[in-house]
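For reference, the structure discussed in these notes is given below.
The values are calculated or read from the model by the stated rules, or taken from the named source; none is laboratory data. Since the model is a prediction, treat every value here as computed from it, not as a measurement. Positions of Cβ are backbone-derived with ideal geometry, glycine not excepted, and every protein chain shown enters the neighbour counts. For accessibility, only protein heavy atoms count, side chains too; no ligands or nucleic acids. Shrake-Rupley method; radii C 1.70, N 1.55, O 1.52, S 1.80 Å.
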Amino acid sequence: MREIANFVDGLNERIGRAVSWLALAIVLVQFLIVVGRYVFGVGSIWMQELVIYMFGFTFMLGAAYALRHDGHVRVDIFYREAAPRTKALVNLLGSVFFLLPMCFLIFWIAWPYVVQSWSIWEGSTEASGIPARYLQKTAILVFAVLMGLQALAIIIRSVLTLRGDEKEIKALRSAE
């Protein structure tokens, strides 16, 4: 079971690190847009949409990476000070009853939306925009899959912790 969790963690780690470079690209493209508009008087809808696409990909494809590193906002009063087994139980129940169902729901609702977009090769509503809106919408499905896989990894690690696996207990303690 640990191999599956390690594989998912590794996958989301690689994707998250790769996608993080989009943040730099967003800054550079936005800088070019500003210089082009205010220095040279030239605008580019394609570049403006590119910033939106990159931001969307950063958020959607980087969410599982943030979850893997416990980087999501958590309103906790008790979790931070809880024992590793209590944390594992909270993580297990949260993943099984909230995270996985939400991932399935997002995928189920987005599927026809994305299929429709691919069937017509949906592009920008702007004449000179990016002709690949279907790729942007596909990120919704990828988001749901990556988050679902990370939920699976959390469930596996939680079960191992509840069974007394010292490596997982130590990992939860070190995250404090």
Q | Breaking point among (1) in a helix (DSSP H, G or I); (2) open to solvent by less than 30 Å² (accessible area, probe 1.4 Å), for Ile130 | A | (1)
Q. What is the number of the single condition among (1) more than 17 Å from the chain's Cα centre (by Cα); (2) in contact (Cβ under 8 Å) with a residue 60 or more places away in the chain; (3) open to solvent by less than 40 Å² (accessible area, probe 1.4 Å) that Ala139 does not meet?
A. (1)
Q: Scan segment 68-94 for residues that are open to solvent by less than 50 Å² (accessible area, probe 1.4 Å), within 17 Å of Ala153 (Cα to Cα) and at pLDDT below 95 and jot them down.
A: Pro84, Lys87, Ala88, Asn91, Gly94
Q) Restricted to segment 31-51, and to residues that are in contact (Cβ under 8 Å) with a residue 12 or more places away in the chain and of a type in the set (Val, Ile, Thr), which residue is most open to solvent (accessible area, probe 1.4 Å)? A) Ile45
